[in-house]
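Single-structure report; data block below.
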Amino acid sequence: MTNFTHWTYHVDEQNIGWLELDVAGSSVNILRREVMAEWAEVMTHIAQDRTLAGLCFHSGKERGFVYGADIPEFDDLTSAEDVYELIEQADAILSAVEALPCPTVCGIDGVAAGGGLEIALAFDRIVVTGGAQTRLGFPEIHLGLMPGYGGTGRALRRIKADHVLDMVLSGRLLGAAEAASWGLVDTVIEDAGEGLVHLRSALKDSLSQPAVPDYQQTDAVVEQAVAQAEQTVLPRLKSHQTPAPFLICEHFRASKADWRALVKTERERFSEMLLGEASHHLRRVFMLNDMVRKTARGEARISHVHVIGAGTMGGDIAAVAAMSGFQVTLSDLDAAAITKAVGRAGKLFERRLKTSDKIQAAIARLTADPAGNGVSEADIIIEAVAERLEVKQAVFRAVEEAAPEGAILATNTSSIMIEDIASALQSPERLIGLHFFNPVPVLPLVEVIAGSKSDQEMIIRAMQFSGQLKKMPVKVRSVKGFLVNRALLPYLFKAIEHMADGEEADKIDQALTGFGMPMGPIELCDQIGLDVCFDVGQVLGMSQTASSVLHNKLSAGQLGRKSGSGFYNWDDKKAVRARADYPQDELDNLVSALLAPMVEKCRSAVAEGIVDSADEADIGCILGIGFPAFRGGPLGWADYPRG
């Protein structure tokens, strides 16, 4: 038999075939086109062996089973014919596995996601290890897709219809125990064993087990499952924004309980999704997220974090750091503020960490430090005090004298230039910005701000530290507003200008939430506080129209949600709206007009070197502003070829 790059196959003395996948040059198994082409050759050889007593398949990797398709390769598919060719190749391979006259079994130790699970479902039986590392599912929905290698049909052959729809529409990965309870897998063993000895033994044993009968579906049950999904999942979505969930429901409704029909018709649905705009953007954003995570990899050489300022931001930064395994000291001139912050941290630990041991360990790592003694032992000192230049300068003058040599000095400023704060220091190169977003435990973005004199080693360590906090860092050059506020505020001010020209607040907000924004710009102004919007506008610049509107509101005591009225009246923390229906073309025109300044600011951020590329600008706005991922970020959306 020909030697292959990614596959190994041999037949043992009992005529059992052993097929192993170990993709060359990769730490995990990815179903690249060349990998599938090799498998097609291997299957041709296997299918010709009529003496075969059984076929056992497993991964040769230490990490995981198969992680699915190679996502960047999807960009090479530009027509339905290209997509069909890819899917038909996979279908021919999996159909050949199913057609073998001998029993077949697949062994999974680790992640079997997307195409990885679809492969496993073509085998007669599935054996998995029961450790926490084993996860199975169809995460394609997060890319605006559905399974394309027959996964919907083959899953319906094994488990209840509502479970299949749950997997496909949610994209969540199941643990071994849940997968077994559903009937998705047949056998769970404790671990794979050294050299896969336990897994290989279980695979061989499984060959002698009786075949698993197909799950007896009915058209009525499948229809009921689809109807339930339409009632619970689809009302939160819009088909023109994220078509995948709607097409998935149509797919199941058309084929009902006929799993073979589902396998055959997947290619049309998958192709429609793959070639659409939403999936294009979601696949790019997936890669951008991976890019950001890679910039945060590495050891930051930080064990002790000291936070100065126990307000909402400082207290939450301290809590997240303690929850992430760091020793944390928290100081503030107001001891009561520290007590309040520590209490709030305890509640966060209870929600997130679940077990009492982990909760108590996190509590033990967070120390109230009113005198600020932790500064002298810290590897990073994060300042989160009032947003006033002279206050921050005074803090860092004192910190610089007490901090160990090599400790990172970081400010959480949202608007003050790093150079202005650093001008008070003897060693300005030590200061960088770490701009967290509120609420810190929820929002993933951290803008890592590089001043003109900031030490690059400090920046790299700050990126790595952010990653250890499970945050997504984007490096930004120190300018007014950095990236996110620089892009966000002109968009908000443009919305205010449109209100001044007679547009209704609700119409503006409907246009942008219909586009996919989590909140309309007018409501967001009220949520932020009109006083804050005005103050930031004074720093970043705003039109005379927006300035006058905000000034008049503030003069009338209308600060937004916190005062009970702003652009909206607020009742029980909800904006009181006058709902109306508006022509879609008018809403679309509003979207284009209001997003234009955001797009322009992102373009200038790239051109001026504030961020390194359009990729950073887009992912920063997605993570920091809530720009819808299925739109691809301001620049991805603006530059997508339509019509």
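Looking at segment 570-585 only, could you name the residues that are loosely packed, with under 12 Cβ neighbours inside 10 Å and more than 23 Å from Gln558 (Cβ to Cβ)? First the steps, then the outcome.
Initial filter on segment 570-585 (loosely packed, with under 12 Cβ neighbours inside 10 Å): 571-574, 576, 578-581, 583-585.
Matches in segment 570-585: Asp581, Pro583, Gln584, Asp585.
What are the residue pairs meeting all of these: first residue in segment 175-190, first residue more than 22 Å from Asp214 (Cβ to Cβ), second residue of a type in the set (Lys, Arg), Cβ atoms under 7 Å, and 6 or more apart or on different chains? Listed by first residue and then by second, the contacts come to Gly175/Arg135. The numbered conditions (1) under 33 Å from the mean Cα position of the chain (by Cα); (2) assigned to a helix (DSSP H, G or I); (3) modelled with pLDDT under 95 are all true for His198 except (1). Screening segment 208-310 for helices (runs of 4 or more DSSP H) wholly inside it with 3 or more residues that are more than 30 Å from Met472 (Cβ to Cβ) returns the ranges 219-232, 244-255, 259-274.
Of the numbered criteria (1) out of contact with any Gly (no Cβ under 9 Å at 6 or more places or on another chain); (2) assigned to a strand (DSSP E or B); (3) charged (D, E, K, R), the one Lys453 fails is (2).
Just one of the numbered conditions (1) crowded, with 24+ Cβ neighbours inside 10 Å; (2) over 15 Å from Met291 (Cβ atoms) is not true of Gly632: (2).
Every condition in (1) under 23 Å from Ala92 (Cα atoms); (2) within 19 Å of the chain's Cα centre (by Cα); (3) of a type outside the set (Asp, Glu) holds for Phe270 except the one numbered (2). Among the residues of segment 588-600, are any surrounded by fewer than 16 Cβ atoms within 10 Å (Cβ to Cβ) and either at pLDDT below 95 or of a type in the set (Ser, Thr, Tyr) (or both)? Among the residues of segment 588-600, at least one is surrounded by fewer than 16 Cβ atoms within 10 Å (Cβ to Cβ) and either at pLDDT below 95 or of a type in the set (Ser, Thr, Tyr) (or both), which makes the answer yes.
The criterion of being among the basic types (Lys, Arg), under 27 Å from Ile619 (Cβ atoms) and either modelled with pLDDT under 95 or outside the structural domain of Cys56 (by TED's automatic domain parsing) (or both) does not hold for Arg260.
Scanning segment 375-415 for residues that are over 14 Å from Leu431 (Cα atoms) and in contact with a Lys or Arg (Cβ under 9 Å, 6 or more places away or on another chain) returns Val385, Ala386, Ser415. Glu447 meets each of the listed conditions (1) in contact with a helix residue (DSSP H, G or I) (Cβ under 6 Å, 6 or more places away or on another chain); (2) part of a strand (DSSP E or B) apart from (1). Looking only at segment 335-387, count every residue that is outside any helix (DSSP H, G or I), charged (D, E, K, R) and either crowded, with 18+ Cβ neighbours inside 10 Å or over 27 Å from the mean Cα position of the chain (by Cα) (or both) and tell me the total. Of the residues in that region, 4 qualify.
Here's the yes/no breakdown for (1) surrounded by fewer than 18 Cβ atoms within 10 Å (Cβ to Cβ); (2) in contact (Cβ under 8 Å) with a residue 24 or more places away in the chain; (3) within 20 Å of Val532 (Cα to Cα); (4) in contact with a Leu (Cβ under 9 Å, 6 or more places away or on another chain):
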{"position": "Leu389", "(1), (2), (3), (4)": "yes, yes, yes, no"}
{"position": "Pro404", "(1), (2), (3), (4)": "yes, yes, no, no"}
{"position": "Ala407", "(1), (2), (3), (4)": "no, yes, no, no"}
{"position": "Leu431", "(1), (2), (3), (4)": "no, yes, no, yes"}
{"position": "Pro441", "(1), (2), (3), (4)": "yes, yes, no, yes"}
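Against the list (1) polar (S, T, N, Q); (2) under 29 Å from Glu85 (Cβ atoms); (3) crowded, with 18+ Cβ neighbours inside 10 Å, the condition Ser239 fails is (3).
The values are calculated or read from the model by the stated rules, or taken from the named source; none is laboratory data. Quick caveat, the model's predicted, so the values are computed rather than measured. Cβ: placed from backbone, ideal geometry, glycine included. Neighbour counts: every protein chain shown.
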